[in-house]
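Just so you know, all these numbers are worked out from the coordinates, no wet-lab data involved. All figures in this text were calculated on a predicted structure; none of them were measured in a lab. Please note: Cβ atoms are built from the backbone with ideal geometry, for glycine as well, and neighbour counts cover all protein chains shown.
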Amino acid sequence: DAGITQSPRHKVTETGTPVTLRCHQTENHRYMYWYRQDPGHGLRLIHYSYGVKDTDKGEVSDGYSVSRSKTEDFLLTLESATSSQTSVYFCAISRLAGEQYFGPGTRLTVT
Amino acid sequence: AQSVTQLDSHVSVSEGTPVLLRCNYSSSYSPSLFWYVQHPNKGLQLLLKYTSAATLVKGINGFEAEFKKSETSFHLTKPSAHMSDAAEYFCVVSKGTYKYIFGTGTRLKVLA
């Protein structure tokens, strides 16, 4: 398995609170991604990074921000969590044009 | 624009019978194509990938897929289903940079 970990693996939080999810890799891959997975939607890209401090928005970025201060870490922050952000979040890494490797996921519940 | 369509949201097969999971893609240039498998409460695992080499691609666990440009298809097959194949399968298309487009998934059920 590719060396990707996500923390926390499960989280329950209240509406309006900030939440940060962490993705950590040991593969030194340049590209990192955050997806959310919801029934009937497959995986949808939230944000991605193409290098340290280089990030860009995906198709469902509203309400989310990211940061990448080191090659190995990619953080996803929900500024003010809403119930619509209840989902399973996956981090992925890749080389340019290569296959992606996925982390184990974080199940987030916003009450 | 790129897109990918998985034609069946659910497929049921009996153990020992062939598996066919269908995927059509739309791309204005030669794409990279991938199949991933996701077992319950797990992350996605790469089954196989097509990147403009051989059109018949062999993957892990006996799966294979054939790239058919004329039909814009990349269907996933396996000659004989095993109970452990029960999972959700995703077809993914990439134009060769950072952007990957996911299908909505096909849930495979294997009957004993």
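Below, the figures for the structure above:
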read-out	value
Residues that are of a type outside the set (S, T, Y), more than 8 Å from chain B (Cβ to nearest Cβ), in contact with a Phe, Trp or Tyr (Cβ under 8 Å, 6 or more places away or on another chain) and crowded, with 17+ Cβ neighbours inside 10 Å, drawn from region A:93-111	A:I93, A:L108
Residue selected from region B:20-37 under the condition over 11 Å from the mean Cα position of the chain (by Cα) and either among the small types (G, A, S) or over 19 Å from B:T55 (Cβ atoms) (or both), by the criterion nearest to the other protein chains (Cβ to nearest Cβ)	B:S32
Residue count for region B:45-59, restricted to those that are away from chain A (no Cβ under 14 Å) and not polar (S, T, N, Q)	3
Residue in region B:82-92 that is touching a residue at least 40 places away in the same chain (Cβ under 8 Å), among the acidic types (D, E) and within 29 Å of A:H47 (Cβ to Cβ) present	yes
Residue under evaluation B:T51, criteria (1) of a type in the set (S, T, Y); (2) touching a Gly at 6+ places or on another chain (Cβ under 9 Å); (3) under 16 Å from B:R22 (Cβ atoms), criterion not met	(3)
Given (1) more than 14 Å from chain A (Cβ to nearest Cβ); (2) in contact with a Pro (Cβ under 7 Å, 6 or more places away or on another chain), number of the condition B:S94 does not satisfy	(1)
Count of residues meeting criterion [among the β-branched types (V, I, T), over 12 Å from the mean Cα position of the chain (by Cα) and outside any loop (DSSP other than H, G, I, E, B)] in region A:59-98	0
